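For reference, the structure is listed below as structure tokens.
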Amino acid sequence: MRTASLIAFTMKTKGRTPGEVSKFYRELYGYRNCSHYGRYHTQIKGVLDKVQSIRYANGVFMVRKADARKVLQFLRSHGAMVAVWDVLPKTKEWKVLQAPVA
């Protein structure tokens, strides 16, 4: 059966420095790195770039059930409050989740 996990998370920023919060989001979503005064650009991959995922909103995304453990472990290790639902994705979403990771 084709099931996926819909994950929603929140993270309290109180008691954390802006640098810690930024580092968490960069590790999760990845970021674009610029060097030599903007001449060179590289895309640094995050946890969600290393697995197939569909991002719906800030803090809400769908991953394959097989990849959910890796993502949940990352979120919980950084103190995020997580809610997880097992869902049946639509055919279009399932094709995105089954595509090989680039």
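General remarks:
- Looking across the range 1-45, just one residue is touching a helix residue (DSSP H, G or I) at 6+ places or on another chain (Cβ under 7 Å) and of a type in the set (Lys, Arg), and that is Arg2.
- Checking each residue in the range 3-21 for being surrounded by fewer than 13 Cβ atoms within 10 Å (Cβ to Cβ), more than 14 Å from Leu72 (Cα to Cα) and touching a strand residue (DSSP E or B) at 6+ places or on another chain (Cβ under 9 Å) picks out only Lys12.
- Qualifying residue in the range 81-97 (condition: farther than 26 Å from Met1 by Cβ and surrounded by 11 or more Cβ atoms within 10 Å (Cβ to Cβ)): yes
- From Asp86, Asp49, Asp67, residue being at pLDDT 95 or above and among the acidic types (Asp, Glu): Asp86
- Residue under evaluation Gly46, criteria (1) under 22 Å from Leu97 (Cβ atoms); (2) surrounded by fewer than 12 Cβ atoms within 10 Å (Cβ to Cβ), criterion not met: (2)
- Matching residues, the range 35-80, being under 14 Å from Ile7 (Cβ atoms) and hydroxyl-bearing (Ser, Thr, Tyr): Ser53, Tyr56
- Qualifying residue in the range 50-58 (condition: basic (Lys, Arg) and either in contact with a Leu (Cβ under 6 Å, 6 or more places away or on another chain) or surrounded by 11 or more Cβ atoms within 10 Å (Cβ to Cβ) (or both)): yes
- Selection status of Thr17, free of Cβ contacts under 8 Å to residues at least 60 places away in the same chain and among the hydroxyl-bearing types (Ser, Thr, Tyr): yes
The values are calculated or read from the model by the stated rules, or taken from the named source; none is laboratory data. Everything quoted here is computed from the prediction, not taken from an experiment. Neighbour counts run over all protein chains shown; Cβ positions are idealised from the backbone, glycine included.
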